[in-house]
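Asks: Before anything else, here's the structure in question.
The values are calculated or read from the model by the stated rules, or taken from the named source; none is laboratory data. Owing to the predicted nature of the structure, the values given are computational and were not obtained by experimental measurement. So basically every Cβ, Gly included, is an ideal-geometry build from the backbone, and we count neighbours across all protein chains shown. We work out accessible area using only protein heavy atoms, side chains counted, and drop any ligands, DNA or RNA first. Shrake-Rupley method; radii C 1.70, N 1.55, O 1.52, S 1.80 Å.
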Amino acid sequence: FTDLVLETWDLQCERNGREHRTAEMGCEQLVVRRGQPFTITLHFSGRAYQEGVDKLAFNVETGPCPIETSGTRCHFAMTDFPEESCWSAVLQQQDGDSLSISLCSPTDSRVGRYSLTLETSTDYQGCSYHIGNFILLFNAWHPEDSVYLQEEDERCEYVLSQEGLIFQGSRNYITSIPWNFGQFENGILSICLDLLDTNPKFLRDQDRDCSRRNNPVYIGRVVSAMVNCNDEDHGVLAGRWDNCYEDGMSPLAWIGSVDILKRWKNFGCQPVKYGQCWVFAAVACTVMRCLGIPSRVVTNYHSAHDTNGNLIIDRYLSETGEEKRRSKDSIWNFHCWVESWMARPDLGSSYNGWQVLDPTPQEKSEGVFCCGPAPVRAIKEGDLQLKYDIPFVFAEVNADVVYWVVKPDGTERKSTHSSVVGKNISTKSVGQDSREDITHTYKYPEGSDMEREVFTKAELERRSLTEVDEGLHLKIKVSEGANNGCDFDVFAVINNNTDTGRVCRLMLCARTASYNGAVGPQCGLKDLLNVTLEPRAEERVPLRILYESYGENLTQDNIIKVVALLTEYETGDIIMAMRDVYVQNPEIKIRILGEPMQNRKVVAEVSLVNPLSAPLSGCMFMVEGSGLTDGQQIKELEEPVEPQAQAMARLDFVPRQAGLHKLMVDFESDKLMGVKSYRNVIIAPQPN
């Protein structure tokens, strides 16, 4: 017999991409999911393949030093039946000189870039052909894969969806911003794989690192560490929280991960400036979804940063609500992290499911700035000894806050305050633009027997913060219309639920604040020395907050922190109430002109009214959307926008994909920053 000579081959990128749900990554390369067969076609010249005479075998290799013992190299012959535990090749069809062959990887394969080689042999002679490269991803659709997720609508949301919402604002006024995850955008998969190849564990021991890439727990820790740059490891993002972003981009200006990841790659893996918690979390979510691991961004309101692990956060305030003593512990208005879905064979099946990964650099874990994966189930049950970093996340949702009022003479008085952390833990609902509250997955209802059991199990005792005098109650309410550029009222509402009158001092103070808990200058103060409270009565005390007082010092987080201190003269007891008021930005209006259709130019008109009493300079709109725009479009306005005047721009783009997409818009200027909106756009398919 003459040699069997391979003439051409086809990796069938388009067909395999459709079947493996990777078609949106493009047809230029083969991208498949592990444990699922994919088809290739071989065409021989001279003569056809003959069963029993010719032998076909394949080599797959990943990593720089592939060896069989580490699972980074596999040699396998074509057989009649697939094998689930190892790579297999099965002849599907022979049509003259062409063969259709089904290849399949085991469900615990290493993910990453692979090379594929064909070996043909007849008797003692043989040839070897490199027939191409492909990329292997995790497979949330395969029951044996460690990232398997049962419900199809959840797989679509947490693996395939390229856009989403991230929740911000305050616990009392929850807002959302749109985010373009863009994990299937051109070039992003390659960047995500480069990120794995840049991590210090790979650089120290390439073979060991590649051999562990079958494990989503390992991948999660690597991604958590590499999204921040605090270990000087060529991480993606530099964090900054001081409102000084002149040498980079304000964290509030980003509306997607694609631009960030491309900047990181294009500038030689230098950290992109700047990120804050939601940006770190969103970029990590993009990388995890891109690699095939179901992931979502989660927001925790009143999030504790407990540096010493005692689950108690002590805060020291003056009588006007000013912080008197800096503590390493802090309470953030909100904090975002990622949850990724995976099995935990290292801990036992009861800890399978959602795991917390937090790429925001806060504390070191095993010597590196990363956090997780921490099973949400272990956080709820108080199993603090398990891997990874459960005590830190447990504190973020469970720590107690104790406020001490420091008097002018230096004496301290503990105030009664019912605020505990870990409120309204939120993520985007599956398949719709609404908020899902997942607090119950992290903690039992406060005050329940199960909650006390968890604290006993964690060998911790929750400090009781019952009111000293249950007869007096204090809370803060906000008038309608706390809009940027406007004056508005906040109210201290005092209830005397006793049968005797009380005389108190009320201090009501407002300060601009950042989302990480830092407070700025005062923007409103009222000190009433003699507030008489009638028996069984309610008293409402207003505080007018003027734009001329807060406008110059309002941070990009748009938060004003209001503190009320009620001191009862007879007992000396102090009751405190605190509220974060979210100052609302104006709405961006988005109009789509004409009927949007695939591969045809679409025009979007975006506009916003300047609500401030001063003109806006340096105005620009930034627009992007997966499947709609080719990257980010920026439209700068030439003229300042006068008070109450309209900023308007028109942008055109050619949608590449039909179906439902989100067009995301961000507005920036010198005085009004980080204003965001989105519009759902249905793109009609191109007619045949």
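Asks: On a full-extension model of 0.36 nm per residue, what is the gain between GLN206 and SER613, subtracting their alpha-carbon distance, rounded to one decimal in nm?
Replies: Values: separation 407, 0.36 × 407 = 146.52 nm, distance 5.89 nm.
Extra length available between GLN206 and SER613 comes to 140.6 nm.
Asks: Out of the total accessible area of the chain (probe 1.4 Å, heavy atoms of protein only), what percent is carbon and sulfur?
Replies: Accessible surface attributable to carbon and sulfur in the chain totals 46 percent.
Asks: Show log10 I(q)/I(0) for region 152-458 at q = 0.09, 0.16 Å⁻¹, two decimals, from a solvent-free Debye sum over equal Cα scatterers.
Replies: Each listed q corresponds, in turn, to -0.45, -1.37.
Asks: Oh, and also: For LYS589 and GLU453 in one chain, what is 0.36 nm times their gap in residues minus the Cα-Cα distance, to one decimal in nm? Spell out each step's value before the answer.
Replies: Working: separation 136, 0.36 × 136 = 48.96 nm, distance 5.03 nm.
Difference between extended and current length: 43.9 nm.
Asks: Would any residue of region 567-604 have its amide N under 12 Å from a label point 7 Å out along Cα→Cβ of VAL541? List them or say none.
Replies: 567-569, 575-577
Asks: Apply the a/c threshold of 1.5 to the C-alpha gyration tensor of region 260-351 and tell me whether it is rounded, prolate or oblate.
Replies: oblate
Asks: Separate question: Distance in nm between label sites at ASP80 and LYS364, each 7 Å beyond Cα in the beta-carbon direction?
Replies: 6.0 nm
Asks: Ok, one more. Calculate, axis by axis, the spread of Cα positions in region 472-582 along the three principal axes, and write the results as whole Å, longest axis first.
Replies: 46, 25, 20
Asks: At a Förster distance of 35 Å, what's the computed FRET efficiency of LEU91 paired with GLN150, Cβ-Cβ distance as r, to 0.05? Write out the running numbers ahead of the final one.
Replies: Numbers: r = 33 Å, r/R0 = 0.94.
Result of the calculation: an efficiency of 0.60.
Asks: Something else now. Could you calculate the contour length gain from GLU436 to GLN646, that is, 0.36 nm times the residue separation minus the distance between their Cα atoms, to one decimal place in nm?
Replies: Result for the pair: 72.1 nm of gain on full extension.
Asks: Another question, then. Given the -39500 (n - 2.57) contribution per DSSP H run of 4+ residues, what per-residue ellipticity at 222 nm results for the chain, rounded to the nearest 500 deg cm²/dmol?
Replies: -4000 deg cm²/dmol
Asks: With r as the distance between the Cβ atoms of ASP487 and ASN243 and R0 = 22 Å, compute the FRET efficiency 1/(1 + (r/R0)^6) and round to 0.05. Mind dumping the intermediate values first?
Replies: On the way: r = 23 Å, r/R0 = 1.06.
About 0.40, to the nearest 0.05.
Asks: Return the percentage of antiparallel bridges among DSSP beta bridges fully within region 313-412, rounded to the nearest 5 %.
Replies: 70 percent
Asks: How big is D, in µm² s⁻¹, for region 27-153 by Stokes-Einstein at 25 °C and 0.890 mPa s if Rh is the Kirkwood radius over C-alpha pairs?
Replies: Estimated via Stokes-Einstein, D reaches 157 µm²/s.
Asks: Compute the relative contact order of region 152-458 as a whole-number percentage, counting only Cα pairs closer than 8 Å that sit 6 or more residues apart in sequence. Write out the running numbers ahead of the final one.
Replies: Details: 647 pairs, mean separation 56.2, N = 307.
After rounding, I find 18 percent.
Asks: Find, among the chymotrypsin sites (Phe, Trp or Tyr not before Pro) in region 246-332, those assigned to loop by DSSP (not H, G, I, E, B) with at most 16 other beta-carbon atoms within 10 angstrom.
Replies: PHE267
Asks: Roughly speaking, what is the centre-to-centre gap between region 126-148 and region 601-675 when only Cα atoms are used, to the nearest Å?
Replies: 41 Å
Asks: Averaging sequence separations of C-alpha pairs under 8 Å and six or more residues apart, then dividing by the length of the chain, give the relative contact order as a whole percent.
Replies: Rounded, it is 9 percent for the chain.
Asks: How about region 572-679: which GluC sites (Glu not before Pro) there lie in a loop by DSSP and see at most 10 other Cβ atoms within 10 Å?
Replies: On the way: sites: GLU587, GLU605, GLU624, GLU636, GLU638, GLU668; in loops: GLU587, GLU638.
Here the sparse-neighbourhood loop sites are GLU638.
Asks: Something else about it: What aspartates and glutamates does LYS428 reach when the alpha-carbon gap must be under 19 Å and sequence neighbours fewer than 8 apart in one chain are set aside?
Replies: GLU151, GLU152, ASP153, GLU154, GLU157, GLU163, GLU339, ASP358, GLU436, ASP437
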